[in-house]
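See below for the structure under consideration.
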């Protein structure tokens, strides 16, 4: 199955943040990603399931890698631990740094614009925690 046959996955928004994320996937540093459940619901998208493959796009919209989800959990944000935060491959020292960065992103202008409001993020906010493996770069 080629890139063209797969649903696409875009990290963050095009630009430096996406470029760093794609680079971390390609080096193997990034093996996890997190989405806000509310974004999936607002977009009318089902939460992906383990075994699903995606074509990861770079900032120019070009295929950069194919990944396969190996674990998908919907959990309150407070349940994310240091191990998962480190697997995000963004250089977080611990889950506290991870959470601060994710809260900032989830409350960002781009996300707020998409949702039509700024989401409230508290300990019970549900996130989609996904672990993956690279199938082909």
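The values are calculated or read from the model by the stated rules, or taken from the named source; none is laboratory data. Note that the structure is predicted; figures quoted are calculated from it, not measured. When we count neighbours, we look across all protein chains shown, and the Cβ atoms used for this are built from the backbone with ideal geometry, even at glycine.
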Exercise. Any chance segment 89-101 includes a residue that's in contact with a strand residue (DSSP E or B) (Cβ under 7 Å, 6 or more places away or on another chain) and surrounded by 18 or more Cβ atoms within 10 Å (Cβ to Cβ)?
Worked result: no
Exercise. Could you list, in sequence order, the residues of segment 105-137 that are exposed (fewer than 11 other Cβ atoms within 10 Å of the Cβ), assigned to a helix (DSSP H, G or I) and without any contact (Cβ under 8 Å) to a residue 24 or more places away in the chain?
Worked result: 109, 113
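Yes or no, residue by residue, for (1) touching a helix residue (DSSP H, G or I) at 6+ places or on another chain (Cβ under 8 Å); (2) not in a loop (DSSP other than H, G, I, E, B):
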site	(1), (2)
21	no, yes
38	yes, yes
48	no, no
60	no, no
68	no, yes
Problem set entry | Residue list for segment 1-16, filter: in a helix (DSSP H, G or I) and either surrounded by fewer than 16 Cβ atoms within 10 Å (Cβ to Cβ) or modelled with pLDDT of 95 or more (or both) | 4, 5, 16
Problem set entry | Qualifying residue in segment 38-46 (condition: surrounded by 16 or more Cβ atoms within 10 Å (Cβ to Cβ), modelled with pLDDT under 95 and closer than 29 Å to residue 136 by Cα) | yes
